[in-house]
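Have a look at the structure below, then the notes.
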Amino acid sequence: MKNRFWRIDRRPEGTNFAEALSLQETSLGEPAEGQVTIRNAMISMDAGTRMWLTDRTDGYQPPLELGIPMTGLVVGEIIASAHPDFAIGEWVRTFGVWGDYSQVDPVMTGAFKLDPSVTDKRAWFGPLGMNGWTALWGVETTGAAKPGETVLVSAAAGATGILAVQIAKLLGCRTVGIAGGPDKCRYLTQELGVDAAADYKAADFAAQLDAAGPFDVYFDNVGGPILDLVLTRMNHYGRVAVCGLVSDYHGDRTSPAEFDQILMRRLRVEGFFSPDFMDKGEELTQRLKTWVDAGELAMPYDVTQGLDNTLGAYEKLFTGGNVGKVIVELEQ
Ligand code: NAP
């Protein structure tokens with residue numbers, strides 16, 4: 001059986017992914033003892049994986065080696081199994097490869113069997129997956145948002161941010177989203193019911209933040225200069241829940257120039273990371289599913305068709321070309 005997959009040839013510069021990854025073809029044998037073969041139906045595009053492509057060794061996981069297939073979350077059907085707990089025909093979400101097929105040890109890669117009653121399988125990447133857990137945990141636990149407080153979210157029109165602003169609203173908070181461009185800001189306020197939005201690409205971004213703040217919780221997906229502007233607009237005893245630093249992932253590293261505001265305003269700044277609360281996944285998924293089933297938690301999907309077009313889909317995460325969850329769907 002032929003398997004096409006994206007191989008990491010070198011470290012990408014900026015968003016020059018076409019120079020760094022190439023589409024390869026290999027033949028795939030039967031799964032070894034303990035493995036399964038999954039026909040990938042969808043691949044999740046996640047901004048955090050950009051850091052895995054750099055050579056930094058002080059991240060939350062070692063860099064991916066050169067010469068291996070690119071790793072990512074996939075949803076697909078098991079078509080061959082040499083694992084007693086995973087049967088042919090079952091659908092799973094797991095860490096796999098950016099390819100037609102993923103051949104993995106399902107336990108090592110955290111394979112999760114999909115509930116067949118959820119008809120839109122894309123939800124397993126969005127509200128019922130890592131983005132959903134991260135958004136809920138970051139707002140409620142790390143951010144400790146309380147009803148009536150003002151919660152600010154950056155990259156608020158992206159997969160994680162869209163869920164974070166809606167969850168904050170569901171928990172009774174006033175919500176403000178930061179996004180790039182007037183269309184995304186309009187989407188947040190007019191379609192999603194976010195109370196205010198600030199366009200970080202606009203010349204008057206700081207004034208927009210002034211008008212929307214001050215803030216009790218900052219759910220930060222971005223880091224960089226936006227974090228500095230926000231630190232000076234936090235309420236005393238506010239919380240900064242550091243979810244991601246997408247402006248830094250290609251290699252630049254910025255430290256907040258306004259670091260002193262953490263003392264001046266007695267802020268709590270805390271990073272959080274979804275694998276750390278994986279054991280709560282079932283509970284978090286059930287809570288998120290209740291909101292999804294009630295139509296209270298929306299997720300737009302930005303879907304690209306075909307493995308060949310994966311790099312274009314991935315790039316959107318770093319150029320802001322997406323609203324909502326970026327997914328690559330594969331021919332079945
Ligand atoms: P996403 O939000 O769907 O896409 C990334 C968005 O970031 C883009 O749409 C873009 O929107 C914005 N962006 C990109 N570069 C930017 C820059 N330099 N300055 C400001 N905004 C920028 O992607 P995602 O996969 O959901 O990830 C969002 C964040 O969540 C990432 O930081 C990721 O690492 C983090 N995350 C963390 C965890 C965890 O466990 N801690 C888990 C999942 C995700 P604009 O048009 O608004 O620029």
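The values are calculated or read from the model by the stated rules, or taken from the named source; none is laboratory data. Computed from a predicted model, the values in this text were never measured in an experiment. Cβ sites come from the backbone with ideal geometry, for glycine too, and all protein chains shown count toward neighbours. Side chains are part of the model used for accessible areas, which takes the heavy atoms of the whole protein and leaves out ligands, DNA and RNA. Shrake-Rupley method; radii C 1.70, N 1.55, O 1.52, S 1.80 Å.
Between the alpha-carbon centres of region 201-239 and region 110-150 there is a gap of 24 Å.
The shape of region 130-275 can be summarised by an equivalent ellipsoid whose semi-axes, obtained from the alpha carbon gyration tensor, come to 19, 17, 16 Å from longest to shortest. Calculate the FRET efficiency for Thr141 and Glu19 from the Cβ-Cβ distance with a Förster distance of 30 Å, rounded to the nearest 0.05. Efficiency, from the Cβ-Cβ distance: 0.15.
Largest GNM mean-square fluctuation across Met264, Met130, Met45, computed for the chain with C-alpha springs under 10 Å, falls on Met264. When you filter the trypsin sites (Lys or Arg not before Pro) in region 201-289 for DSSP loop state and at most 13 other Cβ atoms inside 10 Å of their Cβ, you are left with Lys201, Arg253, Arg266. Note that region 151-209 carries a Kirkwood radius of 10.9 Å, evaluated over its alpha carbons pair by pair. Residues of region 126-153 with an amide N closer than 16 Å to a point placed 7 Å from the Cα of Glu191 along the Cα-to-Cβ direction: 127. Relative contact order of region 1-144, taken over Cα pairs closer than 8 Å and 6 or more residues apart, is 24 percent. Summarised as an ellipsoid, region 252-332 has semi-axes of 32, 23, 13 Å, derived from the eigenvalues of the Cα gyration tensor scaled by 5 and square-rooted, with the largest first. Ranking of Glu283, Glu140 by solvent-accessible surface, largest first: Glu283, Glu140 (1.4 Å probe, protein heavy atoms only, all chains present).
When Lys325, Lys184 are compared by accessible area of protein heavy atoms, the largest-first order is Lys184, Lys325, using a 1.4 Å probe. For region 1-91, chymotrypsin sites (Phe, Trp or Tyr not before Pro) meeting the loop criterion (DSSP other than H, G, I, E, B) and having at most 15 other Cβ atoms within 10 Å: Tyr60. The modelled label-to-label distance for the pair Thr26/Leu170, using points 7 Å beyond Cα in the direction of Cβ, is 4.0 nm. For Ala202 and Glu33, the difference between the fully extended length at 0.36 nm per residue and the C-alpha to C-alpha distance is 55.3 nm.
Which percent of the accessible heavy-atom area of region 130-275 goes to carbon and sulfur, probe 1.4 angstrom? So the carbon and sulfur contribution to the accessible surface is 56 percent. The simple spin-label model puts a point 7 Å past each Cα toward its Cβ; for Gln305 and Met278 those points are separated by 3.5 nm. Pairs exceeding 26 Å between alpha-carbon atoms, taken from Lys113/Lys316; Lys2/Lys316; Lys280/Lys316; Lys113/Lys169; Lys113/Lys289; Lys121/Lys280: Lys113/Lys316; Lys2/Lys316; Lys280/Lys316; Lys113/Lys169. Ligands, DNA and RNA are left out, and with a 1.4 angstrom probe the accessible area of region 130-275 is 40 Å² per residue. Here is the list for region 48-124: trypsin sites (Lys or Arg not before Pro) lying in DSSP coil, each with at most 15 other C-beta atoms within 10 angstrom of its C-beta, are Arg56.
Which of Thr290, Thr134, Thr304 ends up with the largest GNM mean-square fluctuation for the chain, with Cα atoms connected below 10 Å? Residue with maximal mean-square fluctuation among Thr290, Thr134, Thr304: Thr290.
Derived from the Cα gyration tensor, the three semi-axes of the equivalent ellipsoid of the chain are 35, 22, 18 Å, largest first.
On the basis of the beta-carbon distance and an R0 of 41 Å, Ile88 and Asp58 show a calculated FRET efficiency of 0.50.
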